[in-house]
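A short reminder: the numbers here are calculations on the coordinates, not readings from a lab. What you are looking at is a predicted structure, and each value in this text was computed from that prediction instead of being measured. Here Cβ is always computed from backbone atoms with ideal geometry, including for glycine, and neighbour counts include all displayed protein chains.
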Amino acid sequence: MLYRAVIRPLLFRFDPETIHHLVSFGLKLFFSIPGSKRVLRAYTLPKNKVLQRDLFGIHFDSPVGIAAGFDKNAHLFRQLFPLGFGFIEVGTITPKGQPGNPRPRLFRLPQDRALINRMGFNNFGLEAAIDRLSKRKSGYPVGGNLGKNTLTPNDTAVEDYVLLFEKLFDHVDYFVVNVSCPNISDLKELQDQDALVEILERIQKSNNQKPQRKPVLLKISPDLNNKQLDEVIQIVAQTGIDGVVAVNTSITRDNLNTSSRQVQSIGNGGLSGKPLQKRALEVVRYLSEKSGKAFPIIGVGGIFTPDDALAMLEAGADLIQVYTGFIYEGPFLARRINKAIIRKNIGK
């Protein structure tokens, strides 16, 4: 494959963040050609009922989406849909713009087909995201991933999440509450049941006052044990949220092929990619089976091939997301997954 044999080795010679910006620019430039989006989307996403999903009041042309983190500032979603994706999740968005952690903060582990990042919710902030999202013309689903500002103390974090929900309500189709990213020093404390319930109940109170509510999901860590996963199931039932995104990045470094010296030199950060596949499948399967399929699950983690995607759907995911696999496998990953779903006739 041209991407893996030629393009990826060339791109991987340069700093990951720099390449991300260059690729974003290239996509925008290519799709400025009249008709290019329509033609490419017809190639990457054939109209087929087997692909289509209807969840929490939203129609998806494909169950394959892009996870939060790739389009942090909602300036690339228009260019991602033509690559065969059924939905894009933008963010993580915080109320105020913030630079994130110092660079370097994004690292490749090619031997493991993985990334380690400690970006720190770098983004231009709520108002900048609204400015871009308010210009949406397509009907394709866009989700908003919500996070607190780094300087916001945990005892007032709920105000950040509610503000984001209120201000973004008219501009995205669903929301994901992110309290599981390991790159904000005190964020993990918000995963405690009481703190999390307060955030979700406040959001749901606002949601239920709207003329038509919108789906709210919770993104969870792969590092939760079964007792904590049971608590997630209880929280979903208690707060009435619409589903779960499983999983975020991990703080573990188990069974990596990359040398321990290199991993240690990278330092802290969230691990994503192929090493998360097994755990992501376990979490999705556990939540699906233990809850009796009580709520929808978006499965993410280690999806690099069509077979990986099919395994995630068979484990109980209703939709799937890619990120690291998209970087390693190239721009037509979604197309290959879409074709496999049609071939296997894995419908709703």
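A compact table of results
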{"item": "Overall dimensions of segment 10-49 by Cα: Rg and Dmax, Å", "result": "13.9, 41"}
{"item": "Least to most buried among ASP192, ASP112 (fewest other Cβ within 10 Å first)", "result": "ASP192, ASP112"}
{"item": "ILE203, ILE337 arranged by Cβ crowding within 10 Å, fewest neighbours leading", "result": "ILE203, ILE337"}
{"item": "Pairwise label distance in nanometres, GLN262 with ARG4, each label 7 Å out on the Cα-Cβ vector", "result": "1.9"}
{"item": "Sorted by Cβ neighbour density within 10 Å, fewest at the top, the residues VAL247, VAL197", "result": "VAL197, VAL247"}
{"item": "Chain lengthening between VAL23 and GLU289 when straightened (0.36 nm per residue, less Cα-Cα)", "result": "91.8 nm"}
{"item": "Computed FRET value (nearest 0.05) for THR305 with GLN234, which takes r as the C-beta separation and R₀ as 45 Å", "result": "0.85"}
{"item": "Amide H contacts of VAL300 (H built 1.01 Å from N, under 5 Å, at least 5 apart or other chain)", "result": "ALA246, VAL247, GLN321"}
{"item": "Longest to shortest principal axis, alpha-carbon extents of segment 2-341, angstrom", "result": "50, 48, 39"}
{"item": "Stretch gain in nm, segment THR252-LEU151, where the contour uses 0.36 nm per residue and the Cα spacing is subtracted", "result": "33.8 nm"}
{"item": "Set of lysines near LYS290 by C-alpha distance (under 16 Å), chain-local residues within fewer than 8 positions excluded", "result": "LYS227"}
{"item": "Descending Cα extents along the principal axes, segment 174-302, whole Å", "result": "54, 31, 24"}
{"item": "Segment 245-293: C-alpha pair distances exceeding 15 Å, %", "result": "52"}
{"item": "Residues with amide H under 5 Å from that of ALA74, placed H, sequence gap 5 or more", "result": "GLY91"}
{"item": "Label-point separation, ALA42 to LYS96 (7 Å along Cα→Cβ), nm", "result": "5.0"}
{"item": "Cross-link pairs beyond the 18 Å C-alpha cut-off, checked among LYS72/LYS219; LYS37/LYS214; LYS49/LYS135; LYS167/LYS210; LYS278/LYS344; LYS214/LYS293", "result": "LYS37/LYS214; LYS49/LYS135; LYS278/LYS344; LYS214/LYS293"}
{"item": "In Hz, Karplus ³J(HN,Hα) per residue of segment 98-110 (6.51, -1.76, 1.60; θ = phi - 60°; x = Gly, Pro)", "result": "8, x, x, 7, x, 7, x, 9, 9, 9, 8, 10, x"}
